[in-house]
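The values are calculated or read from the model by the stated rules, or taken from the named source; none is laboratory data. Please read these numbers as outputs of a predicted model, since none were measured by experiment. Using ideal geometry, Cβ is built from the backbone for each residue, glycine included, and neighbour counts are taken over all protein chains shown.
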Amino acid sequence: MAKPRYYVTTAIAYPNGAPHIGHAYEVIATDAIARFMRLDGYDVFFLTGTDEHGIKMLQTAAKEGVPPRELADRNVALFQKMVKRLNCSNDDYIRTTEPRHYASSQAIWERMAKNGDIYLSKYSGWYSVRDEAYYAEDETKLGDNGQRLGPLGTPVEWVEEESYFFKLSAYQDKLIDLYTRVPDFVLPRERLNEVASFVRGGLKDLSVSRTTFTWGVPVPGDPKHVMYVWVDALTNYITAVGFPDTASAQFKRYWPADLHVIGKDIVRFHAVYWPAFLMSAGIEVPHRIYSHGFLFNRGEKMSKSVGNVVDPFSLADAYGVDQFRYFFLREVPFGQDGSYSHEAIVARINADLANDLGNLAQRSLTMVARAFGGTLPAPGEFSANDQAILAQADAMVAKARDAMKTQALHQVLNAVWAVVAEANRYFAGEAPWALAKTDPKRQGTVLYVTAEVIRQVAILAQPFMPDSAGKLLDLLAVPADARDFARLGPARRLPAGAQLPPPAPVFPRYVEPNGDKAN
RNA sequence: CGCGGGGUGGAGCAGCCCGGUAGCUCGCAAGGCUCAUAACCUUGAGGUCACAGGUUCAAAUCCUGUCCCCGCAACCA
């Protein structure tokens, strides 16, 4: 039976600087989704990449005195290194400066043009040379000396530039219809409401080319124009699956995408422009846009001037990759803004990972090693308590799938850790260390049940903490081909009699480098 | 009257749509256990649910108004 497919993407990052925590968060979350779906039997294609055109790249490059291509190459290397460091399982990494992407962008442009949605006109507006930005009339005001000023107080002048336009205005009804027909097109729901009210407010045609610079994809047939960066950026999602070869196996298999994971700041581009472009080009629209929140350092927005920008590499170094991934995906309700701090990260690492899960594994497996020579004991008849905790473990996968239907990553982890907490209560209540003297057979049963619960927890933790969950499964001697979600539930228990390797701590407590104990 | 989110025990949050003993995590206190990564388990203290009106037998939950905080406002995860 062929696996169902699942195509998931991050937004492509804009590499005019080094990657920051927000980029890291998006790719980690998307990776967790991709891994979850793979383990759940889907044929997943997971794409991330970089959006390298546009005026801002040009400005940054000019400031540094290097060609934009060089700036892109340098920063892209950092983004790719980050993705790798964070243990992300992307199947492809797209750069919008690649030849395949030029071909794809030009092809979608030609389709939109052929459909009559692109026309040449003049883009005009109040332009501030100093800000290098256009402003709407109502954003400007007249200064004391009669000079018109932009919102930042710089002088603006009226300029007109030849530009191609996309007939976005023609898509208002079709977009509203899409939002009505597919109410989950944008999640969380509030975001769709915002978008829908924006669209109802009326859409203006969109300027989609520039003539003032050449760092971009040339417009087919009119090479003095380059495409507006968002036209080319959004197109990356189809480039990576083989567009313009719509007959290719890849394209037929994976398009339309199941999920675009993006930041809430670019919802409009993805939920308005992108489907409009695709409709115009006669291509199916993606199934869902998921807008995640922003991360704040101690509740404050990160900014270079405040000096609270945190580099993802140093976080990974300081806490560990899996710990870093776990913290953000558990602590921040996916879709909402979140806040992080050293104390919060340490608290999560020590409480959830070291104390609750790590220590449970350690204390139970150590007992298997000592009392049973490392052989997983065969269980006797299950007591009511045994059955109760096993039933809770068996129920996890359904809860996890249910949460994943709406990308509620934190709910998946909540469901799993609720079972970890219950398993600790079970373990304390059954007191297998006391049974060692009174009823070794019963002790074996308790240890078996505990190991089985840990097995299921570890399998479900894999998308979030691939390495650590893998180590946990190693300790239970679970073979590599028995770690997918099909092995969850009552049907496939741990085999009794398995020889387990010597137990080793998987989740160390975080201890402050200066030697003080944290938490 | 630009748009959106939010104000719930010390901290961070859930509950609010579908009114009816206020729940979770961390922290704190006491006790238990001693297998384990000074971890685990139990119990407890602590809240006028921003404020003011209103609807109702009954409001954190519905309605009206006020105050405050935070984002966004078409380059920005």
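Cβ separations smaller than 8 Å between residues 6+ apart or across chains give the following pairs from the stretch A:157-171 residues that are among the polar types (S, T, N, Q) to residues that are surrounded by 14 or more Cβ atoms within 10 Å (Cβ to Cβ) and part of a strand (DSSP E or B): A:S163/A:Y123; A:S163/A:S207; A:S163/A:S209; A:S163/A:R210; A:S163/A:H225.
Just to be sure, is A:A24 out of contact with any helix residue (DSSP H, G or I) (no Cβ under 9 Å at 6 or more places or on another chain), aliphatic (A, V, I, L, M) and over 23 Å from A:E284 (Cα atoms)? Considered against the rule, which asks whether it is out of contact with any helix residue (DSSP H, G or I) (no Cβ under 9 Å at 6 or more places or on another chain), aliphatic (A, V, I, L, M) and over 23 Å from A:E284 (Cα atoms), A:A24 comes out as no. On the stretch given as the stretch A:404-429, residues that are of a type outside the set (K, R) and either at positive phi or within 10 Å of RNA strand B (Cβ to nearest atom) (or both) total 14. Against the numbered list (1) within 12 Å of RNA strand B (Cβ to nearest atom); (2) in contact (Cβ under 8 Å) with a residue 40 or more places away in the chain, A:F313 comes up short only at (1). Here A:S207 meets the list (1) farther than 28 Å from A:R100 by Cβ; (2) within 15 Å of RNA strand B (Cβ to nearest atom); (3) of a type in the set (S, T, Y) almost entirely, failing just condition (1). Within the stretch A:200-211, residues that are farther than 9 Å from A:E161 by Cβ have Cβ atoms under 8 Å from residues that are in a loop (DSSP other than H, G, I, E, B) and within 12 Å of RNA strand B (Cβ to nearest atom) in these pairs: A:L206/A:Y228; A:V208/A:Y228; A:S209/A:Y228, counting only partners at least 6 apart in sequence or on another chain.
Is it the case that A:S248 is more than 29 Å from A:G17 (Cα to Cα), without any contact (Cβ under 8 Å) to a residue 60 or more places away in the chain and among the hydroxyl-bearing types (S, T, Y)? It is true that A:S248 is more than 29 Å from A:G17 (Cα to Cα), without any contact (Cβ under 8 Å) to a residue 60 or more places away in the chain and among the hydroxyl-bearing types (S, T, Y). In the set A:R348, A:R325, A:R330, A:R288, only one residue is at pLDDT 90 or above, in contact with a helix residue (DSSP H, G or I) (Cβ under 7 Å, 6 or more places away or on another chain) and of a type in the set (D, E, K, R); that residue is A:R325.
For (1) surrounded by fewer than 23 Cβ atoms within 10 Å (Cβ to Cβ); (2) under 19 Å from the mean Cα position of the chain (by Cα); (3) under 26 Å from A:Y164 (Cβ atoms), each residue gets a yes or a no:
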| residue | (1), (2), (3) |
| --- | --- |
| A:K224 | yes, no, yes |
| A:D232 | no, no, yes |
| A:N236 | no, yes, yes |
| A:F243 | no, no, yes |
| A:A247 | yes, no, no |
| A:Y254 | no, yes, no |
| A:I262 | no, yes, yes |
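The residues of the stretch A:472-508 that are among the acidic types (D, E) and without any contact (Cβ under 8 Å) to a residue 12 or more places away in the chain amount to a single one, A:D481. Within the stretch A:38-86, take every residue that is of a type in the set (K, R) and within 15 Å of RNA strand B (Cβ to nearest atom) and give me the one that is nearest to A:T211 (Cα to Cα). Among those residues, the one meeting the criterion is A:K56.
For the stretch A:360-379, the set of residues classified as near RNA strand B (Cβ under 8 Å from one of its atoms) and in contact (Cβ under 8 Å) with a residue 40 or more places away in the chain consists of A:L360, A:A361, A:Q362, A:R363, A:S364, A:T366, A:M367, listed by residue number. Taken as a whole, the condition of being buried (at least 16 other Cβ atoms within 10 Å of the Cβ), modelled with pLDDT under 85 and within 14 Å of RNA strand B (Cβ to nearest atom) applies to A:L192. For A:A496, the stated conditions do not hold, so it cannot be described as modelled with pLDDT under 95 and assigned to a helix (DSSP H, G or I).
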